[in-house]
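See below for the structure under consideration.
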Amino acid sequence: MTSAIPFPAAVEIEALRVDLDGTLATPSDPGYDTLRASWNLTFDQRPALVVEAADGDDVVAALGFAHEHGLTVTVQSTGHGAAETCDGGMLVCTGRLRDVEVDPVLRVARIGAGADWTDVLPRVAPHGLAPLLGFNPHVGVVGYTLLGGLGWLGRKHGLAVDSVRALDVVLPDATHLRVTADAEPDLFWALRGGASNFGVVVALELQLVEAPALFGGQILYPGARATQVIAAYADWIATAPEEVTSALAVVRIPAAPFVPEPLRGVTAVSISACALADPAAAEALLAPLRTLGDPLIDGFRPLTIGDLGHVAIEPADPMPAAGHSEVVGALTPALQALLAATAEGERPFAVVELRHLGGALGREGLPGPIARPAGELLFHAEAVTPPGPAGEAARGAIAELFEAVAPHVAGAPLPSFLGELVSGPERLAQAYTPAGRARLGTLKRRYDPDNRFRFGRPIPFDWAA
Ligand SMILES: Cc1cc2nc3c(=O)[nH]c(=O)nc-3n(C[C@H](O)[C@H](O)[C@H](O)COP(=O)(O)OP(=O)(O)OC[C@H]3O[C@@H](n4cnc5c(N)ncnc54)[C@H](O)[C@@H]3O)c2cc1C
């Protein structure tokens, strides 16, 4: 293992182990490989030690230790957003911090940093309340929310980052704080976009929304009809109200035993949607997408809040993956043709997707560094990228696709969708407003002067104005 940082002696590590209610693992401990694993298997991180925190005090002890010994630190919930590997440093895992408490009167949920949406939905649904969750229920609440959070109720209620009301945070110097807009305005502004650049969040408090009636699901058409389906979608989104959030995707359905025939291994065009509307209104609203003839599956149905994790069919198991996305102005004929072409032949994409933006997603929310998406759609592609030539070819295909998308780009990408294909400060910078970048740089110098949190999309000091 290579590290420029002096590594603490075994005796000091053992003292930390005794201090913790949670688990500490070094490369020689049996739990090390399980704890260091990321959902995205591309990132084979090899930290010098892993702390799986059992509570906020464990996070304080871990960061105090890192501060004292000059260790770099990164934090992981699920590893869906893994970026640079924290080799030789400390990895703080939040997987045991999954408590969810709901205040139905204030309509606020306090959510532990290791929770995903499957932990949250059963707790909020009995109160008729919903969080602004994303498409995949297994993505971590904190990583998704702090990096923007584009989800099912977005066109009506905006980005999830605007639903944050308070954060329980341990700073790089191990100070434990409750951060609100009033109590800690600089940190409240910076964490909602800057995420782990400013420490480890132990819990988040999120504003919930009422969802008295929900309708949605997914309809699948054969890939051979991509041109027709994409054109119908382009017409439909032109007048779709804010109550409905939707996405169209060209997908390769895996040839796996759990997939029913005749879907196994086929290319399909899916339209997924979620409407805050009663069944009669939603049926009328979605009718133009359901009357194109002969779908492979029409899964639109009334939904409960608990069903929100299953509107679309999303991957669950870890995989090596790389993706990229950009916000584009409109679904022009040229973009329609580009997307339809991805349904032809043996293209290596797992999914090429358009998410409908606009509505509250394009409006200013709480003050923060994230640039609001200015275009009508997010254009996103993802591929499975095993090590070796197949993975390289897939990465190349995504790069080539986005060369063709480039003339259609309209403004900033979302931080939660920066993807793995292009990394580094220039890509990160695109996700923030110019003033946001400068203030993030200033606050990074103030709160993490030793640049201890230098992984997972680090903010460079030289952004400071
Ligand atoms: C299959 C899949 C589906 C997705 N769907 C959506 C979607 O619908 N909408 C959307 O907006 N995004 C989506 N994303 C992107 C996802 O929101 C980001 O990758 C997000 O960062 C993942 O968060 P995580 O906690 O699961 O991942 P992790 O890799 O564990 O964390 C990612 C980053 O989040 C920050 N973070 C995590 N925990 C903490 C903490 N306790 N304190 C401080 N910072 C922390 C850190 O910066 C960390 O590097 C998807 C990603 C995948 C792989």
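The table below gives the values:
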{"quantity": "Prolate/oblate/rounded label for the range 258-341 (Cα gyration tensor, a/c 1.5)", "calculated": "rounded"}
{"quantity": "From the C-alpha gyration tensor of the range 83-235, square roots of 5λ in Å", "calculated": "31, 20, 15"}
{"quantity": "Scattering curve values for the range 182-337, log₁₀ I(q)/I(0), Debye with Cα scatterers, q = 0.10, 0.19, 0.20, 0.21 Å⁻¹", "calculated": "-0.50, -1.26, -1.31, -1.36"}
{"quantity": "Contact order normalised by residue count of the range 212-321, Cα under 8 Å, 6+ apart, percent", "calculated": "44"}
{"quantity": "Proximal charge balance of Leu150 [Cβ under 15 Å; K/R count +1, D/E count -1]", "calculated": "-1"}
{"quantity": "Förster radius 45 Å - calculated FRET efficiency between Thr180 and Arg17, Cβ distance, rounded to 0.05", "calculated": "0.85"}
{"quantity": "Accessible solvent surface per residue of the range 160-278, calculated while the other protein chains remain in place, 1.4 angstrom probe, Å²", "calculated": "32"}
{"quantity": "Calculated FRET value between Glu392 and Thr26, using beta carbons and R₀ = 30 Å, to 0.05", "calculated": "0.35"}
{"quantity": "Calculated [θ] (222 nm, deg cm²/dmol) that DSSP helices of n ≥ 4 give over the chain, each run adding -39,500 (n - 2.57)", "calculated": "-8000 deg cm²/dmol"}
{"quantity": "Cα pair distances exceeding 22 angstrom across the range 29-140, given as percent", "calculated": "40"}
{"quantity": "Residues with amide H under 5 Å from that of Val179, placed H, sequence gap 5 or more", "calculated": "Leu167, Asp168, Val169"}
{"quantity": "Square roots of five times the Cα gyration tensor eigenvalues for the range 10-93, Å", "calculated": "20, 12, 12"}
{"quantity": "Percent carbon-and-sulfur accessible area, the range 214-424, ignoring ligands, DNA and RNA, probe 1.4 Å", "calculated": "60"}
{"quantity": "With Cα atoms, 0 to 90° folded angle of helix 56-69 axis to the chain main axis", "calculated": "60"}
{"quantity": "Per-selection metrics, the range 238-286 (Cα): Rg and Dmax in Å", "calculated": "14.5, 39"}
{"quantity": "Neighbour cut-off at most 10 other Cβ (10 Å), DSSP loop, GluC sites (Glu not before Pro), the range 362-399", "calculated": "Glu364"}
{"quantity": "Dipole of the chain, positive direction: furthest Cα of Val141, Val50, Gly359, with charges on the beta-carbon", "calculated": "Gly359"}
{"quantity": "Largest to smallest principal axis extent of the C-alpha atoms in the range 192-242, angstrom", "calculated": "48, 31, 20"}
{"quantity": "Loop trypsin sites (Lys or Arg not before Pro), the range 323-397 (other Cβ atoms within 10 Å of the site Cβ: 12 or fewer; DSSP)", "calculated": "Arg363"}
{"quantity": "Using distinct alpha-carbon pairs, which all enter the 1/r mean, Kirkwood radius of the range 285-384 in Å", "calculated": "16.6"}
{"quantity": "Scattering curve values for the chain, log₁₀ I(q)/I(0), Debye with Cα scatterers, q = 0.12 Å⁻¹", "calculated": "-1.05"}
{"quantity": "Compactness relative to 2.2 N^0.38 Å, alpha carbon Rg of the range 214-424", "calculated": "1.01"}
{"quantity": "Net charge, Tyr432 excluded, C-beta distance under 15 Å - Lys, Arg +1, Asp, Glu -1", "calculated": "+4"}
{"quantity": "Total formal charge among the other residues, if their Cβ is under 15 angstrom from that of Gly365, Lys/Arg +1 and Asp/Glu -1", "calculated": "+3"}
{"quantity": "Mean accessible surface per residue for the range 10-93, computed with a 1.4 Å probe while every protein chain stays in place, in Å²", "calculated": "38"}
{"quantity": "For Cys86, residues with placed amide H under 5 Å, excluding near neighbours", "calculated": "Arg46"}
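The values are calculated or read from the model by the stated rules, or taken from the named source; none is laboratory data. Being a predicted model, the structure only gives us computed values, none of them experimental. All Cβ positions, even for glycine, are placed from backbone atoms using ideal geometry, and neighbour counts span all protein chains on display. Ligands, DNA and RNA are excluded from the accessible area calculation, which covers all protein heavy atoms including side chains. Shrake-Rupley method; radii C 1.70, N 1.55, O 1.52, S 1.80 Å.
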